[in-house]
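*Asks:* Sharing a structure here in structure tokens format.
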Amino acid sequence: MPQLSTGDLLRAAASAETPLGREADVFMRAGQLVPDELVLRILKARLEESDARNGFILDGYPRTVDQAKALAEMVAIDAVIAFEIPESELVERLTQRRACPRCGTIYNLKTQPPKVRGRCDREGAELIQRPDDAVEAVKTRLAVFHEKTTPLIDFYRKRGLLRPVDATGTPGTVTRRILDALGARPA
Ligand code: AMP
């Protein structure tokens, strides 16, 4: 199943400098949510691609109750994973995150550092930090999350779709917890 990240779609539109991307970029840099109408437009177009026909994993959407309602009008969702993690650890993961501008590999300076400081293991390119992973933008993102996104926990709990997952630990451990929460077995 393809992983559809509205953040990735918006970042791609921003670097391609499409009109939508340019408009979205201002909000993203500040750590604010991009207006629902823009996000919905980019998501709808992606859902129409053929690889999404037999299912998909949404990453970063919905982030508001209005977005969840818009989603429910388009498709029926089977389950919603709510990652639970202490805020201090989340801040650490975000501010220590770096990415390769060429291949997109993600590193964490503390937990998954590159072999050569500041350089991608595969490409040798200089790693970059997402502008919204800077401390100030992270603070804004968390405040926005508490205000606009946490109401979704109740929204989906009431509909019997919520699957809380402990997101502390390594990616492998968290993956196993997700599969357990979904009643799925690794292949
Ligand atoms: P992410 O890569 O999911 O952390 O998203 C990065 C940024 O893209 C967010 O901080 C928002 O500015 C924007 N964004 C991504 N998904 C959404 C969404 N569902 N609604 C509004 N803004 C979004």
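The values are calculated or read from the model by the stated rules, or taken from the named source; none is laboratory data. Source: prediction; values computed, not measured. FYI the Cβ positions are ideal-geometry reconstructions off the backbone, even for glycines, and counts take in every protein chain you see. These area figures cover heavy atoms from the full protein model, side chains too; ligands, DNA and RNA do not enter into them. Shrake-Rupley method; radii C 1.70, N 1.55, O 1.52, S 1.80 Å.
*Asks:* When a/c is below 1.5 the answer is rounded, else prolate if a/b is larger than b/c, else oblate, so apply that to the range 95-187 with a ≥ b ≥ c taken from the square roots of the Cα gyration tensor eigenvalues. It would help to have the intermediate numbers written out before the result.
*Replies:* Values: a/c = 3.02, a/b = 1.46, b/c = 2.07.
In terms of gyration-tensor shape, oblate.
*Asks:* If amide H atoms are built 1.01 Å from N in the plane of the peptide, which residues on other chains or at least 5 residues away come under 5 Å of the amide H of residue 4?
*Replies:* Excluding prolines and chain starts, which carry no amide H, the hits are 57, 58, 59.
*Asks:* Still on this structure, please answer the following. Note down the nm distance, to one decimal, between modelled labels 7 Å out along Cα→Cβ at residue 48 and at residue 168.
*Replies:* 4.6
*Asks:* Check residue 82: other-chain or 5+ apart residues with amide H under 5 Å from its amide H, H built from backbone geometry?
*Replies:* Those lying under 5 Å, H to H, from residue 82 are 163, 165.
*Asks:* Also: Give me the percent of the accessible area of the range 9-92 that comes from carbon and sulfur atoms, probe 1.4 Å, all protein chains in place.
*Replies:* Numbers: 2650 of 5090 Å².
Roughly 52 percent of what the probe reaches on the range 9-92 is carbon or sulfur.
*Asks:* For the chain, give me the percentage of DSSP beta bridges that are antiparallel, rounded to the nearest 5 percent.
*Replies:* Once the DSSP bridges in the chain are tallied, antiparallel ones form about 45 percent.
*Asks:* Something else: Sorted by accessible area (1.4 Å probe), largest first, how do 148, 115 line up?
*Replies:* Heavy-atom accessible area, descending, gives 115, 148.
*Asks:* Provide the gained length on full extension for the span residue 181 to residue 56, in nm with one decimal, where the gain is 0.36 nm per separating residue minus the Cα-Cα distance.
*Replies:* 43.3 nm
*Asks:* Using a 7 Å offset from Cα along Cα-Cβ at residue 73, what residues in the range 17-42 end up with backbone N under 15 Å from the label point?
*Replies:* 36-42
*Asks:* Just the C-alpha atoms of the range 1-77: what Rg/Rh do they give, with Rh taken as the Kirkwood radius? If you can, show how the numbers build up before the last one.
*Replies:* Numbers: Rg = 12.2 Å, Rh = 12.8 Å.
In the range 1-77, Rg relative to Rh is 0.95.
*Asks:* With a 10 Å radius around each residue's Cβ, average the other Cβ atoms per peptide and rank 45-55, 22-32, 119-129, highest first.
*Replies:* Top of the packing list down: 22-32, 119-129, 45-55.
*Asks:* Could you grab the relative contact order for the range 46-187? Cα pairs under 8 Å, six or more apart, rounded to a whole percent.
*Replies:* 28
*Asks:* If you don't mind, there's one more thing I want to ask. Using amide H atoms built in the peptide plane, which far-off residues or other-chain residues are under 5 Å from residue 105 H to H?
*Replies:* Those lying under 5 Å, H to H, from residue 105 are 100.
*Asks:* Convert each backbone phi in the range 127-135 into a coupling constant with the Karplus relation 6.51 cos²θ - 1.76 cosθ + 1.60 (shift: θ = phi - 60°), then list the ³J(HN,Hα) values in order as whole Hz, x for Gly and Pro.
*Replies:* Per residue, the Karplus-derived 3J(HN,Hα) values read 6, 10, 9, 4, x, 7, 9, 5, 3 Hz.
*Asks:* If you plug each phi of the range 12-25 into the Karplus form 6.51 cos²θ - 1.76 cosθ + 1.60 with θ = phi - 60°, what whole-Hz ³J(HN,Hα) values come out, in order, with x for Gly and Pro?
*Replies:* So the J values, rounded to whole Hz, are 5, 5, 5, 6, 7, 6, 6, x, 5, x, 4, 5, 5, 4.
*Asks:* Hey, with R₀ at 30 Å, roughly what FRET efficiency would residue 8 and residue 147 work out to, going by the Cβ-Cβ distance, to 0.05?
*Replies:* 0.80
*Asks:* Further question: Hey, what did the range 69-143 get for relative contact order, percent, Cα under 8 Å, at least 6 apart?
*Replies:* 26
*Asks:* While we're looking at this one, here's another question. Which lysines does residue 158 reach when only Cα atoms under 20 Å apart count, and residues fewer than 8 places away in its own chain are ignored?
*Replies:* Partners found: 69, 148.
*Asks:* Translational D (Stokes-Einstein, µm²/s) of the chain at 4 °C and 1.567 mPa s when Rh comes from the Kirkwood sum over C-alpha pairs? The partial results should precede the final answer.
*Replies:* Values: Rh = 18.0 Å.
Translational D for this selection: 72 µm²/s.
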